[in-house]
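Below: one structure, written as structure tokens.
The values are calculated or read from the model by the stated rules, or taken from the named source; none is laboratory data. Computed from a predicted model, the values in this text were never measured in an experiment. In this analysis, Cβ positions are derived from the backbone assuming ideal geometry, glycine residues included, and neighbour counts consider all displayed protein chains. Side chains are part of the model used for accessible areas, which takes the heavy atoms of the whole protein and leaves out ligands, DNA and RNA. Shrake-Rupley method; radii C 1.70, N 1.55, O 1.52, S 1.80 Å.
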Amino acid sequence: MMTINILSKVMIGFGFGGIYIFIYMTILQLAGALPSSELWWATLACLLIGLYFGLSSLIYDNDDWSLLKRTVTHFFLSLVVFYTIALSTGWIPLMTGAVLLSLIIFVVIYAGMWLGHMLYYKKVIDDMNNRIN
């Protein structure tokens, strides 16, 4: 529990740090002092992806939907948001091979994170049940 709390605080800190650096770079961009606007666009894209993944976790708060429906909805929304940003910024070239490879990587990472969360919450539930007995 303490590790999760520390990790949560670190991630919040990274989030605020990202926002602050983006504000700083925006001021430099407007003043014409930022050497490359690509850095500004890349930072904006990262912040948007972080914002999406932070907010999209609210999908899992909808108890009226089954876990399958929540997972499928989250997965496909994540694909749309990620590929909209990744293709428009040039992170992934608009070539069949690159898109397919990135899709495979995306699915593997998504499935790994989903499995990790499921195993974690199964352990939490088992621990709670053991305490009751």
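Cβ-Cβ distance of I109 and W40, R₀ of 22 Å, FRET efficiency by 1/(1 + (r/R0)^6): the value works out to about 0.25.
Multiplying the residue separation of L94 and Y120 by 0.36 nm and removing their Cα-Cα distance gives an extension gain of 5.7 nm. Normalising the average separation of contacting C-alpha pairs (under 8 angstrom, six or more residues apart) by the number of residues puts the relative contact order of the range 1-102 at 19 percent. Determine the shape class of the range 71-117: with a ≥ b ≥ c the square roots of the Cα gyration tensor eigenvalues, call it rounded for a/c under 1.5, and otherwise prolate if a/b is greater than b/c, oblate otherwise. Taking the square roots of the gyration eigenvalues as a ≥ b ≥ c, the range 71-117 is prolate. The listed residues M25, M128, once ranked by accessible area (1.4 Å probe) with the largest placed first, stand as M128, M25.
The radius of gyration of the Cα set in the chain, together with its Dmax, comes out at 18.7, 66 angstrom. Helical runs assigned H by DSSP (4 residues or longer) give the chain a calculated mean residue ellipticity at 222 nm of -29500 deg cm²/dmol, each run adding -39500 (n - 2.57) before division by the residue total. For the chain, a crude dipole built from +1 on the beta carbon of Lys and Arg and -1 on the beta carbon of Asp and Glu, taken about the Cα centre, is about 180 debye to the nearest 20. Within the assembled protein chains, the solvent-accessible surface assigned to V108 is about 100 Å², based on a 1.4 Å probe. With both labels modelled 7 Å from their Cα along Cα-to-Cβ, the N133 to T84 distance reads 4.7 nm.
Placing dummy labels 7 Å off each Cα toward the beta-carbon, the span from L30 to K69 is 4.4 nm. Here the accessible area of the range 1-123 is 78 percent carbon and sulfur, with a 1.4 angstrom probe and all protein chains present.
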